[in-house]
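The values are calculated or read from the model by the stated rules, or taken from the named source; none is laboratory data. Worth saying up front: this structure is predicted, and the values here are computed from it rather than measured. No Cβ is skipped: glycine too gets one built from the backbone with ideal geometry, and neighbour counts run over all protein chains shown. Calculation scope for accessible area: heavy atoms of the full protein, side chains included, ligands and nucleic acids excluded. Shrake-Rupley method; radii C 1.70, N 1.55, O 1.52, S 1.80 Å.
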Amino acid sequence: GGYRGFAYLNQNHEIILSGTDGLRVMGNSGGNTHRRGITTNISPEFGGLEDGEYFVRIWYVYYNLYVMTNKGSLFAAGNNANGQLGVGDTVDRYNLVRVPAFGPGRTHDGTGCRLSGFHVDVGGEGASAEHHCYAIDENGRLFVWGQNRNGMLGNGNNTNQTRPQEITTVTNVTHIESGYNSAMVV
C-alpha cells in the first residue's frame with residue numbers, strides 16, 4: 001500500500017486505488033479520500049499502453065505508484081523529487097506516465113529493453129522522496145535510478161539519477177533486494 005492507501009488490479013487489468021491520495025497519485029488533489037476506489041488515469045506524455053498491452057504487477061509505496069505491463073513496460077506516478085519516476089526530470093506526475101526506457105520497441109545500446117523484474121525501496125520510514133529503483137530487463141541487465149544517497153544505486157557515485165542507468169559491472173541478474181542505504185543482486 002501507499003501512504004494510507006492501497007491499490008489493486010481488477011479483472012480488466014485496470015489499477016484501482018482507494019484511501020488517502022497523499023500526493024495525487026490518483027490524479028486528484030492531495031489529501032482526498034476515496035472509499036470505493038477510483039481507476040488510475042494514464043498520461044499520454046511519454047506514450048500510453050500499446051495494442052494488447054495491459055497491467056500485470058503493482059508497486060505502491062508511500063507517494064509513488066509503479067506498474068509493469070505484460071509486454072515489459074513500466075509506468076510510474078507520484079513524487080519525483082529525486083528522479084524516482086525515471087522520466088529524466090524531477091517534476092511530480094499525478095497520472096501514470098510511461099518510463100521511456102522500457103517496453104516494446106525500446107532499446108539500450110541496440111538491445112531490446114523489456115522488463116522482467118522491478119524493485120523499489122522507499123529509503124526508510126516515511127521517506128517519500130527517497131525512493132531508489134532497480135529494474136532487470138529480459139537480457140539480465142540491471143538498471144537503476146532515483147535517490148542515490150551513499151551510492152546505493154551501485155553506479156560509482158552518490159548523485160541522484162533521473163533516468164535509468166545500466167550497471168555494467170554485473171550481468172545475468174535474476175534478483176535484486178535493497179535496504180535503506182544498500183542493495184544486493186543475485
Practice prompt. Please state which one of Thr69, Thr90 is touching a residue at least 12 places away in the same chain (Cβ under 8 Å), touching a strand residue (DSSP E or B) at 6+ places or on another chain (Cβ under 8 Å) and farther than 19 Å from Leu153 by Cβ.
Written response: Thr69
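If a residue counts only when it is surrounded by 13 or more Cβ atoms within 10 Å (Cβ to Cβ) and modelled with pLDDT of 85 or more, which strands (runs of 3 or more DSSP E) contained entirely in segment 5-75 have at least 1 such residues? Let's see the steps before the verdict.
Numbers: elements: 5-9, 15-21, 32-39, 55-61, 64-69.
Passing ranges, in order: 5-9, 55-61, 64-69.
Does any residue of segment 53-70 turn out to be at positive phi and of a type outside the set (Ser, Thr, Tyr)?
Scanning segment 53-70 turns up no residue that is at positive phi and of a type outside the set (Ser, Thr, Tyr).
Hey, which of the strands (runs of 3 or more DSSP E) in segment 108-186, taking only ones fully inside, have at least 2 residues that are open to solvent by 50 Å² or more (accessible area, probe 1.4 Å) and aliphatic (A, V, I, L, M)?
Per the criteria, 183-185.
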Fill in: Residues located in segment 140-159, provided they are touching a strand residue (DSSP E or B) at 6+ places or on another chain (Cβ under 7 Å) and of a type outside the set (D, E, K, R)
Leu142, Phe143, Val144, Trp145, Gly146, Gln147, Asn148, Met152, Leu153, Gly154, Asn155
